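Here is the structure we will look at.
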Amino acid sequence: MPAPNAPHYVSPKERAENRARIRAFIVWGLAAVGIFLGAMLYAYTDQAPAWLRNLAFQIDGAFGYPVLALIRAIAG
């Protein structure tokens, strides 16, 4: 039985896999946030359908209207 505080050996292959997994998580996370923010910004335009405008307004309101504040900051 190993000592309870013995460090776990991490092979170079395992480190590379962990780094790749973390990078993929960050890249996909940023892509998802970008797509969501783009959809929210589009939803506040006149070209968006009414159902999308209503949905975006409800989602934005649930978080304290950060997208609307961003739009006002850009416009103002």
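Mind checking whether some residue in the stretch 35-51 is β-branched (Val, Ile, Thr) and under 14 Å from the mean Cα position of the chain (by Cα)? Yes, there is a match, as at least one residue in the stretch 35-51 is β-branched (Val, Ile, Thr) and under 14 Å from the mean Cα position of the chain (by Cα). Scanning the stretch 42-63 for residues that are of a type in the set (D, E, K, R) and either modelled with pLDDT of 95 or more or open to solvent by less than 100 Å² (accessible area, probe 1.4 Å) (or both) turns up 53, 60. Checking each residue in the stretch 23-41 for being open to solvent by 100 Å² or more (accessible area, probe 1.4 Å) and either touching a Ser or Thr at 6+ places or on another chain (Cβ under 7 Å) or closer than 30 Å to residue 60 by Cβ (or both) picks out 25, 28, 30, 35, 36.
Scanning the stretch 65-76 for residues that are assigned to a loop (DSSP other than H, G, I, E, B) and surrounded by 10 or more Cβ atoms within 10 Å (Cβ to Cβ) turns up at least one hit.
Within the stretch 5-54, the only residue that satisfies the criterion of being in a helix (DSSP H, G or I), farther than 28 Å from residue 68 by Cα and among the polar types (S, T, N, Q) is 18.
The values are calculated or read from the model by the stated rules, or taken from the named source; none is laboratory data. Keep in mind the model is a prediction, meaning the values are calculated, not measured. Using ideal geometry, Cβ is built from the backbone for each residue, glycine included, and neighbour counts are taken over all protein chains shown. Just so you know, the surface numbers come from the protein's heavy atoms only, side chains and all, with ligands and any DNA or RNA stripped out. Shrake-Rupley method; radii C 1.70, N 1.55, O 1.52, S 1.80 Å.
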